[in-house]
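Shown next, in structure tokens, is the structure this report addresses.
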């Protein structure tokens, strides 16, 4: 598919969600999905692989971050279903109200996702330093996050990727790897120094294991960039299915059985965005 057509489809999908009515309908669709799964509207259903992997940094933050992001995870998934359906020819490439699209929206199979990934891989584009700076300003709310975003565009290896959400037990698990090839998923992170590396590595590996599990790749390639020294550490190894499953089960047990996870090391709480919410939620 030509780049112009992909851009047109992306633009049309964006227009659909600019309609104020679309957000209200999307929440109704989300709540209906929860009801069909046996959940209440207040129950957590859509979670992210990155936030779930952060269980190994702070389990409490992992839960709170997923709760905060659930509406965005669902909207992204709904948007992706529409976009990919247009790319594959299952829906006409036209702007229509969301209420007209939802009843006609097909359930996509795994083969469809692989097909869209192949199409998108043909449109892989390099990002200039100026564009990387712009993305960092738009997406990063702290300087550390902005540095990480710049590094993703300037330092990380570039591979095609795709975003999708997968059913697991009574959750939908959403994720977009930093890269996907035929044999491995790629995960890139930055951290300040080797002290923090000890805490970052389990999170990065788990995130890659979750990607490999859901996107059906046998290997993971993980890179962590140390900002203090400019050193890049690289691992490529078999994906750990057991680690992915264990992390999901621990997360589910805490959420569904309402078990408060243990407190992390106190120094992790100092600059945590969920500090006050954590106290009110978990005590």
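Any read-out appearing in this document is the output of simple, stated calculations on the displayed coordinates, not a laboratory observation. What you see is a predicted model; the values in this text were computed from it and never measured. Here the Cβ is made from the backbone with ideal geometry for all residues, glycine too, and neighbour counts use every protein chain on show.
In summary, segment 87-172 shows an alpha-carbon radius of gyration equal to 1.45 times the 2.2 N^0.38 Å reference for compact globular proteins.
Once you order the gyration tensor axes a ≥ b ≥ c over the Cα atoms, which shape class does segment 191-273 get: rounded for a/c under 1.5, otherwise prolate or oblate by comparing a/b with b/c? It comes out oblate by the Cα gyration axes. For a modelled paramagnetic label at residue 277, 7 Å from Cα along Cα-to-Cβ, the residues of segment 60-82 in reach, with backbone nitrogen under 14 Å, are 60-73.
Placing pseudo-labels 7 Å out from each Cα toward the beta carbon at residue 96 and residue 242 gives an inter-label distance of 5.0 nm. Please compute the contact order of the chain in relative form: average sequence separation of alpha-carbon pairs under 8 Å and at least six residues apart, divided by the residue count, as a percent. That works out to 19 percent.
Which ordering of 84, 90, 211, 45 is given by a fewest-first count of other beta-carbon atoms within 10 Å? Provide the component values of the computation, followed by the final result.
Values: 84 25, 90 15, 211 28, 45 19.
If I rank by nearby Cβ atoms, fewest first, I get 90, 45, 84, 211.
Sequence gap at least 6, Cα distance under 8 Å: using those rules, report the relative contact order of segment 194-277 to the nearest whole percent. This gives 22 percent for segment 194-277. If you average the alpha carbon positions of segment 51-73 and of segment 207-249, how far apart do those two centres end up, in angstrom? Taking the Cα centre of each part, segment 51-73 and segment 207-249 sit 18 Å apart. For the chain, adding -39500 (n - 2.57) for each run of n ≥ 4 DSSP H residues and dividing by the number of residues yields -17000 deg cm²/dmol at 222 nm.
When the scattering of segment 141-283 is computed by the Debye formula from its Cα atoms alone, each counted once and equally, what is log10 I(q)/I(0) at q = 0.12, 0.20 Å⁻¹? After summing over all Cα pairs, the log10 values are -0.58, -1.36.
Once you order the gyration tensor axes a ≥ b ≥ c over the Cα atoms, which shape class does segment 227-281 get: rounded for a/c under 1.5, otherwise prolate or oblate by comparing a/b with b/c? Note, shape of segment 227-281 comes out oblate. Shape of segment 1-118 from its Cα gyration tensor (a ≥ b ≥ c, root eigenvalues): rounded if a/c is under 1.5, otherwise prolate when a/b > b/c, or oblate? It comes out prolate by the Cα gyration axes.
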